[in-house]
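Visitor: Take this structure, written in structure tokens, and hold onto it; I'll ask about it next.
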There are 2 protein chains.
Amino acid sequence: MAPSVAVENLNPKVLKCEYAVRGEIVIHAQRLQQQLQTQPGSLPFDEILYCNIGNPQSLGQQPVTFFREVLALCDHPSLLEKEETKSLFSADAISRAKRILSTIPGRATGAYSHSQGIKGLRDAIAAGIALRDGFPANADDIFVTDGASPGVHMMMQLLLRDEKDGILCPIPQYPLYSASIALHGGTLIPYYLDEKTGWGLEISELKKQLEDARSKGIDVRALVVINPGNPTGQVLAEDNQCDIVRFCKNEGLVLLADEVYQENIYVDDKKFNSFKKIARSIGYGEDDLPLVSFQSVSKGYYGECGKRGGYMEITGFSASVREQVYKIASVNLCSNITGQILASLIMNPPKEGDESYAAYKAEKDGILQSLIHLPQKAIEAAKAAKKAPDAFYALRLLEATGIVVVPGSGFGQVPGTWHIRCTILPQEDKIPAVITRFKAFHEAFMAEYRD
Amino acid sequence: MAPSVAVENLNPKVLKCEYAVRGEIVIHAQRLQQQLQTQPGSLPFDEILYCNIGNPQSLGQQPVTFFREVLALCDHPSLLEKEETKSLFSADAISRAKRILSTIPGRATGAYSHSQGIKGLRDAIAAGIALRDGFPANADDIFVTDGASPGVHMMMQLLLRDEKDGILCPIPQYPLYSASIALHGGTLIPYYLDEKTGWGLEISELKKQLEDARSKGIDVRALVVINPGNPTGQVLAEDNQCDIVRFCKNEGLVLLADEVYQENIYVDDKKFNSFKKIARSIGYGEDDLPLVSFQSVSKGYYGECGKRGGYMEITGFSASVREQVYKIASVNLCSNITGQILASLIMNPPKEGDESYAAYKAEKDGILQSLIHLPQKAIEAAKAAKKAPDAFYALRLLEATGIVVVPGSGFGQVPGTWHIRCTILPQEDKIPAVITRFKAFHEAFMAEYRD
């Protein structure tokens, strides 16, 4: 008898699905990491550096203290009755934990919740959205999820009937979308972001790809927009967003707004606007546009990837369609309560006047500045030398190491952000020396201009 | 233009899927619960009692202290450096948290983990399985999941190509299986448990249903066995399990062993045997049987439903098939770390000699005894009256209330377990009185015979 389960008789959609950020290379890296643990010194390096996926805490980023205080108190509520707790935890973490527990039936953080998430936490998330956008948000529209990925999968499962259903996705895209569309048997319709205009999203390109897909008999169901962009980092301008919203309404598309990078904006003259805010501000209501906004505790300065928390805010779906979303959510019962609590915290962090505010703000600013900023002193030194900061960096790199890179200003970039373009084309045996010298230079540069 | 998203143009598999334990009734109950909060006294009762789903902490069951101590310390590791912590937490919880954190790269409980779960936690789970079974278990075979449900969905997604692929499922079954098979587009092949023999699983019935399905052109891919049973509570006998294992090998079926109730055995003469232990004990190795065992932190005495933790142990799959399982797991990145830690704890609870052991044992025993046992004093009183305990209970009930029920001993039941059969057929207007009298009787009975 043939093997009862073999690659040849598996679901072909599973076989077709690719997920590059967790593929073969990562599996091999994990093998090497184990080898380093069991046989230290057996490899020419002593650690694995994972640059394949945004996972800041694995690279040493510390979690925000306030968030973790609240989680620990909610995990073990009997701490709240102990005197010692007052000296171990901040007063506002204690009161926040009490408030959260009071919204959970029976204070039971180990009970299944409503399949959309605990109502009190959804109320808090909706309040955070309303404050952010200046437009009302409703707890009934919130589906709390184990990170953004399960939310995206749910929407693909809902919308995709077969390979004649298509989803418009940006290229470059985050591989979650291609993987999820393949798993659920639909067709990815690519639209290209324009690198020359800082990865701009052109409506003409959307129209072209939509018409092209329709001419092939594809029923295009939705448009995915990642804003701020991943991997491109662009922040869409308000009028561009207005055009996108109108395009979706006119073309009858669901707008799937991946907004998980809403806190990853590093320049003062750019601002995140949710697509819901944009839609409401041009007068679009529930009936005009089916819109799903995804948010995650994994991104931003919070970086709580392993906690698996997030939500989707669904507006513009009929009650009967929403019932189907609820059913999909309920088949996995509910998302994890720790992630649910975190989702409510990131949308309602400490505010001025709270005991934790100063520490929270310092931690948040420290995290955001350490990510890609050049030190302010380096920017000033560049100004003094009449160079763009990235050009200044590239020049110093060349002088110190002989390594030639191209400053991002040569390609166009989001104003106030700095890039270098570095091709990995030296001879193979030269690469280690390049990396070593690059690293030594960067450390010395950052130490020289430390703020 | 027609609405871009309407029930008529959704994925028909989603529409077909039913999930009774979270269906219409529950949605209505949640509405009523909100009404009770905003308008107390507006309904003829003052609380909603959820008997639709096993969710013990929502009904007041307290979590095991040791588990929650470890979780709180892992959530907020800086507690481990504080002097006050020693008086707030047990010594073994502190040392366990330190050990767990030492196995997590960078001690980062907020980082994405390996898609199968943190290696050190999988090592601990494998050690717990090996100790339980007396056969080796391998961390590479463990996939830590957000509860058992996502594991079941993954396997259905892997195995089901279209409606010509079938899965043998027990009837009565837990609706997760019917929902998941519908969502992934396969066919449920029912086999009936025999209520007359205490919900026994007859090989002849399996064969009959398998042959019937094959005669209709169905490719039967797998057999689901829930042991101990849900909703039936039966514990399979060892020789019955041997027959099932042989049946799966001979028929080329994947054995999907739902073993989440392994700690829910309430009688001394019944013992849980994992299907992997049974397979190994009759000499079956990796090549003989593709076998998946599901476990969950939601069941047993732990009841940590909201934490969404669990694992599946996969043996007997080829490396290339396992790669596909890994890929599906990786598309959601990883399961939540809190649930991962809990999964390692339930498989390695405190042991004799540990500081927490006495408290842990008392909590565990208290939880298991409060679930369905009759008090020992009632069992003795029944013996003295020369009655089976359930017959004794039924008689006292009749005398006190006029309510007639049938003792489970009249139907056959797992020895040492007690049942009553109570049909809900009185006239509708009599039901409230029946319930009220029943409740008053039960409380008085339990108080009279309290251990």
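The values are calculated or read from the model by the stated rules, or taken from the named source; none is laboratory data. Just so it is clear, the model here is predicted, and its values are computed rather than measured. FYI the Cβ positions are ideal-geometry reconstructions off the backbone, even for glycines, and counts take in every protein chain you see.
Visitor: State which residue is nearest to A:V331 (Cα to Cα) when the search covers only segment B:183-211 and only residues that are of a type in the set (A, V, I, L, M, F, W, C) and more than 14 Å from chain A (Cβ to nearest Cβ).
Guide: Across segment B:183-211, the extreme among qualifying residues is B:L188.
Visitor: Just to be sure before I move on: is A:A319 crowded, with 24+ Cβ neighbours inside 10 Å, under 23 Å from A:V224 (Cα atoms) and modelled with pLDDT of 90 or more in the structure I sent?
Guide: Answer is no for this residue.
Visitor: Determine which single condition B:V144 fails, assuming it passes every other condition in (1) within 30 Å of A:H114 (Cα to Cα); (2) assigned to a helix (DSSP H, G or I).
Guide: (2)
Visitor: Only residues in segment B:397-420 that are under 25 Å from B:K271 (Cβ atoms) and of a type in the set (S, T, Y) count as the first member; pair them with residues that are outside any loop (DSSP other than H, G, I, E, B) and at pLDDT 75 or above, Cβ under 8 angstrom, at least 6 apart or cross-chain, and list the lot.
Guide: Hits for this filter: B:S409/B:D390; B:S409/B:A391.
Visitor: A further question on this structure: Can you tell me which residue within segment A:57-102, out of those that are outside any helix (DSSP H, G or I) and under 21 Å from the mean Cα position of the chain (by Cα), is nearest to A:Y357 (Cα to Cα)?
Guide: Per the criteria, the residue is A:V64.
Visitor: Check segment B:363-372 and report whether any residue there is more than 14 Å from chain A (Cβ to nearest Cβ), outside any helix (DSSP H, G or I), surrounded by 13 or more Cβ atoms within 10 Å (Cβ to Cβ) and not β-branched (V, I, T).
Guide: no
Visitor: Within segment B:53-62, is even one residue closer than 30 Å to A:H114 by Cβ and modelled with pLDDT of 85 or more?
Guide: yes
Visitor: Still on this structure, I have one more. Can you tell me which residues in segment A:313-322 are facing chain B (nearest Cβ under 9 Å) and among the small types (G, A, S)?
Guide: Of everything in segment A:313-322, those that are facing chain B (nearest Cβ under 9 Å) and among the small types (G, A, S) turn out to be A:G316, A:S318, A:S320.
Conditions (1) in a helix (DSSP H, G or I); (2) among the aliphatic types (A, V, I, L, M); (3) facing chain B (nearest Cβ under 9 Å); (4) more than 18 Å from the chain's Cα centre (by Cα), marked per residue:
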position: A:G300; (1), (2), (3), (4): no, no, no, no
position: A:G306; (1), (2), (3), (4): yes, no, yes, no
position: A:Y311; (1), (2), (3), (4): no, no, no, no
position: A:Q324; (1), (2), (3), (4): yes, no, yes, yes
position: A:G339; (1), (2), (3), (4): yes, no, yes, no
position: A:S344; (1), (2), (3), (4): yes, no, no, no
position: A:G353; (1), (2), (3), (4): no, no, no, yes
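Visitor: May I pose another question? With the requirement that a residue be in contact (Cβ under 8 Å) with a residue 24 or more places away in the chain, closer than 22 Å to A:S87 by Cβ and facing chain A (nearest Cβ under 7 Å), what does segment B:58-89 give you?
Guide: Hits for segment B:58-89 are B:E69, B:L71, B:D75.
Visitor: From the list B:S180, B:S149, exactly one residue is surrounded by fewer than 24 Cβ atoms within 10 Å (Cβ to Cβ) and either in contact with a Lys or Arg (Cβ under 7 Å, 6 or more places away or on another chain) or within 14 Å of chain A (Cβ to nearest Cβ) (or both). Which is it?
Guide: Just a single option satisfies the conditions, and that option is B:S149.
Visitor: Among the residues of segment A:395-420, what is the count of those that are of a type in the set (S, T, N, Q) and modelled with pLDDT of 70 or more?
Guide: Selection size over segment A:395-420: 1.
Visitor: To continue, here is another question. Within the group A:A126, A:A130, which residue is in contact with a strand residue (DSSP E or B) (Cβ under 8 Å, 6 or more places away or on another chain) and assigned to a helix (DSSP H, G or I)?
Guide: After ruling out the rest, the residue left standing is A:A126.
Visitor: Which one of these is in contact (Cβ under 8 Å) with a residue 24 or more places away in the chain, buried (at least 19 other Cβ atoms within 10 Å of the Cβ) and in contact with a helix residue (DSSP H, G or I) (Cβ under 7 Å, 6 or more places away or on another chain): A:L206, A:L159, A:L193?
Guide: After ruling out the rest, the residue left standing is A:L206.
Visitor: Something else: Go through (1) away from every other protein chain (no Cβ under 11 Å); (2) surrounded by 24 or more Cβ atoms within 10 Å (Cβ to Cβ); (3) acidic (D, E) one by one and return the number of the condition A:D92 breaks.
Guide: It is condition (2) that A:D92 fails.
Visitor: Now a separate question. Can you find, within segment B:105-115, the residue that is farthest from the other protein chains (Cβ to nearest Cβ) among those that are part of a loop (DSSP other than H, G, I, E, B) and under 10 Å from A:Q57 (Cβ atoms)?
Guide: Filtering segment B:105-115 for residues that are part of a loop (DSSP other than H, G, I, E, B) and under 10 Å from A:Q57 (Cβ atoms), the one farthest from the other protein chains (Cβ to nearest Cβ) comes out as B:T109.
Visitor: If we scan segment B:169-178, do we find a residue that is out of contact with any His (no Cβ under 7 Å at 6 or more places or on another chain) and within 25 Å of A:G147 (Cβ to Cβ)?
Guide: Scanning segment B:169-178, I find at least one residue that is out of contact with any His (no Cβ under 7 Å at 6 or more places or on another chain) and within 25 Å of A:G147 (Cβ to Cβ), so the answer is yes.
Visitor: Let me ask something else about it. What about A:G120, is it under 20 Å from A:K351 (Cα atoms) and either assigned to a helix (DSSP H, G or I) or among the β-branched types (V, I, T) (or both)?
Guide: For A:G120, the condition - under 20 Å from A:K351 (Cα atoms) and either assigned to a helix (DSSP H, G or I) or among the β-branched types (V, I, T) (or both) - is met.
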